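All remarks here apply to the structure that follows.
Values quoted throughout were computed directly from the atomic coordinates according to the rules given, and no laboratory measurement underlies them. Quantities reported herein were computed from a predicted structural model and do not represent experimental measurements. So basically every Cβ, Gly included, is an ideal-geometry build from the backbone, and we count neighbours across all protein chains shown.
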Ligand SMILES: *Cc1c(COP(=O)(O)O)cnc(C)c1O
C-alpha cells in the first residue's frame, strides 16, 4: 500500500514550515498591526492590495471543490501548474540520486524542472499512436524512480492516453503518478480526479491557463490525497497566489455558462480546422485532437513555419520532438484567426503548385 510518508525526502517530513502572520492569527479584528503591511493603503489602488493574500486560497478552493466534486483538503493551488511540478520534484526527488519517468513527446516543463533540480530522467517513448507502452514502462522503473508523468490529453500530440493503460500504470507504479490534465475541459472523458480515493499514489493537475482563458493570472491546481496536498502546502512559498489573481479567479469561477459557450466555439472551430486540414494536400497527417490545438505533419515543417511567420501567423514547430518529424502544433484561434490561417495555408499551397 502506497504511503506518501515513505516517498517524500526524509528531511521534509520534519520540516517546520514558515509561519506567517496570517497563519498565527486567523479571526476577525478591527486593527491589524501584525504583518508590517502599509495600513495607509496601496499605491496600486484596490481595496486590499496593501494586505497579504490568503496563503491557503480558501474562497477559491471552496468554489473548485463544488465545481470538481473534490474536498478542499484534496486541492493544492499553485502559481501555474508549473509551480506544482516544481514542488513535486522538491518533495520526492533527491537531487543526483532519484529519477522521474517521462513519455516523450510530451510537455517540456517536466524535463526542465527535473534538470533544474538535478533529478535524472528516464524516457519511454509513446508508441506510433502516441500511447504509453505498459510493459516497457514497467521494465524501466527502478528503486530510484519516484514520479511517472502522464499527460492526457497529451501536449503536443493532442490525444487522450488510453484509460485502461493509465489505470494499469497507476496500479502498478511504485511511486507517484502525475496525470496532467491541462486540456481536460476540451474532452468529454471524466477526469482522473474522480478516482482519487481509489489511488493513494495519484496526483491530477489541471490549470486555468487553457479552457478558462486565464494564462496571465497564473493559477494551477493539483488534486490528490489530503496527505500529499498537506506536504505541498508545507513546502510552498507562503503567499504563492497574489490578491489580484485570487479576486479575479474567484469571480471567474462563477461563470460556468460562459465557459461552456467558449468551449463550444473552440470545439466547433477545431472540427472545422481538422476538416480543412484533411482536405489540404500539403498536410500529410492530421492527428486526432481532444485539446485546443491540432498537431499536423507536413512535407517541410521549417519552411511552412517560416512562411506562416512571414504572414504574421505564428504556430509551434515541434519537429525536433521524438516521433514528431515535420510536425507543427496549431492552436485553435478565433473564427477570424482560423480563417486567416487557412488563407495562408491555401496561399502556400498555390505557391508550391507553381514551383
Ligand atoms: C499549458 C500546459 C500547462 C499549464 O501550465 P500553467 O503553468 O498552469 O500555465 C500544464 N501542462 C501542460 C501539459 C500544458 O500544456
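Between residue 143 and residue 28, the distance separating the two model label sites (each 7 Å from Cα on the Cα→Cβ line) works out to 5.7 nm.
Taking the longest Cα principal axis of the chain as reference, the axis of helix 243-252 is set at about 60 degrees. Based on C-alpha pairs under 8 angstrom that are at least 6 apart in sequence, the chain has a relative contact order of 17 percent. For the pair segment 216-277 and segment 321-346, the centres of their Cα atoms are 24 angstrom apart. Mean separation of Cα pairs under 8 Å and 6 or more residues apart, divided by the residue count, gives segment 257-354 a relative contact order of 26 percent. The angle between the Cα long axis of helix 81-92 and the main principal axis of the chain comes to about 60°, on a 0 to 90 degree scale. Computed over every Cα-Cα pair of segment 257-354 and binned at 10 Å starting from 0, the pair-distance distribution P(r) comes out as 15, 51, 27, 6, 0 percent.
In the elastic network of the chain, a GNM with C-alpha springs shorter than 10 Å, the most mobile of 247, 62, 143 is 143. Beta bridges from DSSP with both residues in the chain: antiparallel share about 55 percent, rounded to the nearest 5. Distance from the Cα centre of segment 160-213 to that of segment 35-113, in angstrom? Result: 18 Å between the Cα centres. Based on the Cβ-Cβ distance of residue 285 and residue 353, what FRET efficiency does E = 1/(1 + (r/R0)^6) give at R0 = 25 Å, to the nearest 0.05? Working from the Cβ atoms, E equals 0.80.
When the Gaussian network model of the chain links Cα atoms closer than 10 Å, the mean-square fluctuations of 268, 236, 146 top out at 268. Given their separation in residues at 0.36 nm each and the Cα-Cα distance between them, residue 129 and residue 262 gain 45.0 nm when the chain is fully extended.
Counting beta carbons within 10 Å around each of 209, 152 and listing the fewest first gives the order 209, 152. Counting beta carbons within 10 Å around each of 179, 249, 244 and listing the fewest first gives the order 244, 249, 179.
GNM remark for the chain: springs join alpha carbons under 10 Å apart, and the peak mean-square fluctuation among 308, 33, 148 falls on 33. Sorting the segments 253-261, 225-233 by their mean number of nearby beta carbons within 10 angstrom, highest to lowest, gives 225-233, 253-261. Estimated from the Cβ-Cβ distance and a Förster radius of 25 angstrom, the FRET efficiency linking residue 168 and residue 66 is about 0.20.
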